[in-house]
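Novice: Please find one structure pasted underneath; my questions will follow.
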Amino acid sequence: MIKWLIALYALFFLTGCFEPSIERTGSLIVIDAGHGGHDGGASAEGKLEKTLVLQVSKKLYEKFKDKGFNVHLTRDNDTFLTLAQRTKVADKKDAIVFISIHANAIADKRRFSQVEGIETYFLQKTRDAKSQRIAARENASVLKGTDRLSKNVIIDSVLNGPKIIESNKLAIDVQKSIMRNIKSHYIDTKDGGVRPAPFYVLVGASRPSILVEVGYITNPKERERLFTSDYQERLAEGIVEGTIKYIDNRKKEFGF
Ligand SMILES: [Zn+2]
C-alpha cells in the first residue's frame, strides 16, 4: 500500500500536478525603469542610476515574457517620462502589478562604504526618517516636468485601501525572493527589508505597486556588483520569482 502511494505521489510530482498552474497568457505586468533622459537619478564615479535600472528592467522584461506574461516597459531607451506617462499603462490596461526599479544613494561621502543593501517599498506614510529621505529624493526626480494637477495627488486618498495591503504582500514576497537569489552567491549583501514610503510613482498606479531599490550606487562594493550582468540576472530572477509567488497566492482574486 505504502509503495503504491509513493509511486502515485512520484507520478503526480513528475507530471507537475502538484505545481500550481497559472493562466499567465494575457496577464499584464508593468515594469517601470526609473529616471531617464535629462534625469540621471543617483550617480557616483560616473555611473548613473538611469542606466542601471534600464538594464535590470530589460532583464525583467525578458524573464517575465519567458514565463508567459504580457509585459510592458515604461521606457526601453534613455528618455524622460512624466509621472502620468509612467502610470497610465498600469491604469488603462488591466495590469496585475506595477514594479518600479530604482537604485539608492546617500549624500554623506564619509558613509559611502557603510551604507548598502536592497530594499523594497510600498506606498504608505511613514515617520521613519530614512524612508522619508529616500522618497523625497525619488519624488523630486519623478515630479520634474509634471503638471500642477498631477503634483496635487493626495497620498491620503489611496492609503489604507486594498491596494496598499496587496502592495505590502507583493513587497514581502519580492524582497524575500531577491535576497534568496542574491545571497546564494553574494552572502554579505544586506537585506534592507520591506519599508513603507510615500513615493508618488506608486500613488499613480491603481494596481498593487512596489518600488525596488536594487542597491546603493554610492557604495563602492555594491556599485561594482550592480553593474555586472550576473548580479542583475539574480536581481531580476528574484523579482520574477517573488511576483509569481504573490500571484500564485492570490490567483483567486485575479480570477485565474
Ligand atoms: Zn531613483
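Novice: Could you rank 231, 200 by how accessible they are, 1.4 Å probe, largest area first?
Specialist: From most exposed to least exposed: 200, 231.
Novice: Mind grabbing the accessible area of residue 102 for me, 1.4 Å probe, Å², rounded to tens?
Specialist: 10 Å²
Novice: Taking a label point 7 Å from the Cα of residue 249 along the Cα→Cβ vector, which residues of the range 199-218 have an amide N closer than 20 Å to it?
Specialist: Only 207-213 fall inside the zone, counting backbone N under 20 Å.
Novice: Roughly what would the spin-label model give for residue 38 and residue 125, points 7 Å off Cα along C-beta, in nm?
Specialist: 3.3 nm
Novice: Accessible area, 1.4 Å probe, largest first: how do 73, 202 sort?
Specialist: Reading off the accessible areas and sorting them downward yields 73, 202.
Novice: Roughly how much of residue 187 is accessible, in Å² to the nearest 10, using a 1.4 Å probe?
Specialist: For residue 187, the solvent-accessible surface is approximately 130 Å².
Novice: Give, in nm to one decimal, the length gained when the segment between residue 108 and residue 67 is fully stretched (0.36 nm per residue of separation minus the Cα-Cα distance).
Specialist: 10.6 nm
Novice: If you don't mind, there's one more thing I want to ask. As a quick test, which of the pairs 63/163; 65/130; 59/251 have an alpha carbon distance above 30 angstrom in this structure?
Specialist: 65/130
Novice: Separate question: Starting at the first residue of the range 26-39, write each ³J(HN,Hα) from the Karplus equation 6.51 cos²θ - 1.76 cosθ + 1.60 with θ = phi - 60°, in whole Hz, x for Gly and Pro.
Specialist: x, 7, 9, 10, 9, 10, 10, 7, x, 6, x, x, 5, 9
Novice: Follow-up. From the phi of every residue in the range 101-115, what ³J(HN,Hα) in whole Hz does the Karplus formula 6.51 cos²θ - 1.76 cosθ + 1.60 yield, where θ is phi - 60° and glycine or proline is x?
Specialist: With coefficients 6.51, -1.76 and 1.60, one gets 10, 9, 10, 8, 7, 10, 8, 7, 4, 5, 9, 3, 7, 8, 8 Hz.
Novice: Could I ask something else about it? Ignoring ligands, DNA and RNA, how do 223, 110, 137, 127 rank by accessible area with a 1.4 Å probe, largest first?
Specialist: So the residues, ranked largest to smallest area, are 127, 110, 137, 223.
Novice: 5 Å is the cut-off here: which amide hydrogens, built 1.01 Å from N in the peptide plane, fall below it relative to residue 215, excluding neighbours closer than 5 in sequence?
Specialist: Under 5 Å from the amide H of residue 215: 104, 119.
The values are calculated or read from the model by the stated rules, or taken from the named source; none is laboratory data. Predicted, not measured: the structure shown is a model, and the values here were computed from it. FYI the Cβ positions are ideal-geometry reconstructions off the backbone, even for glycines, and counts take in every protein chain you see. Each accessible area value is taken on the protein alone, full model and side chains, heavy atoms only, with ligands, DNA and RNA left out. Shrake-Rupley method; radii C 1.70, N 1.55, O 1.52, S 1.80 Å.
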